[in-house]
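The values are calculated or read from the model by the stated rules, or taken from the named source; none is laboratory data. Keep in mind that what you see is a predicted model, and the values were worked out from it rather than measured. Here the Cβ positions follow ideal geometry from the backbone for every residue, glycine too, while neighbour counts run over all protein chains shown.
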Amino acid sequence: MEPGKKNKIFFHEEQRFSNSPMKWIFPVIFLLSVGPLAYGVYQQLILGKPWGDHPSSNSGLVLTFIFVFVFMTVLWLAFSLSKLHVTIDPEGIHYRFPLFIRKWRTIKKEQIAGYQVRKYSPMLEYGGWGYRRLHGFRTRKNGIAVNVSGKIGLQLYFNNGKKMLIGTRRPAAIERAMKKLMAENEQIDD
């Protein structure tokens, strides 16, 4: 079920890679992978000089170029169009990242032992941006990260000892929403 259908929404944010450092990294990767092949096709087909020490056939070179070009274009478009959705309502924290997480995932209030909005280093702590659930030293120590851009995130500490960081461009708003969420339905019995 989509968050906020029944409940009042405390916070909602959508972030795209187009507002992150990835918007500069992908064009560079694209040019580094497609550029040499384009030059090879030009040299071998237009200039008539074999490209490389062990040149491929003309059709093999063209097919390789087309495959790499299409693959890199689809990858670039997928990242450009993907966005991180985060919603906080009385039920909990809901997030999805359509490129990596298609369905809404919910973190219930009862699962959260603590939280803080903090500054972090995407590269040093999580190895970059995106859905960071790798099994390397950094991610085991720091937990899961779902981030697109920036250096500020909502750090969640769970009752089971695990951690998760959700990147945000609106730290004050997410802080207010978390205070509302954690205070919601809390009653002091006398």
Considering each residue of the stretch 161-176, count those that are in contact (Cβ under 8 Å) with a residue 12 or more places away in the chain and farther than 19 Å from residue 89 by Cα, and give that number.
2
If we scan the stretch 81-98, do we find a residue that is out of contact with any strand residue (DSSP E or B) (no Cβ under 9 Å at 6 or more places or on another chain) and not basic (Lys, Arg)?
yes
Which residues, counting only those in the stretch 23-52, are in contact (Cβ under 8 Å) with a residue 40 or more places away in the chain and basic (Lys, Arg)?
23
Go through 79, 69, 97 for me and flag whichever is within 30 Å of residue 51 (Cα to Cα) and either out of contact with any His (no Cβ under 7 Å at 6 or more places or on another chain) or of a type in the set (D, E, K, R) (or both).
69
Out of 88, 93, report the one residue that is crowded, with 16+ Cβ neighbours inside 10 Å and over 18 Å from the mean Cα position of the chain (by Cα).
88
Being of a type outside the set (A, V, I, L, M, F, W, C), at pLDDT 75 or above and under 16 Å from residue 163 (Cβ atoms) is the filter here, so list the residues in the stretch 123-139 that pass it.
125, 126, 127, 131, 132
Considering residues of the stretch 98-117 that are over 27 Å from residue 81 (Cα atoms) and not small (Gly, Ala, Ser) only, the residue surrounded by the fewest Cβ atoms within 10 Å (Cβ to Cβ):
110
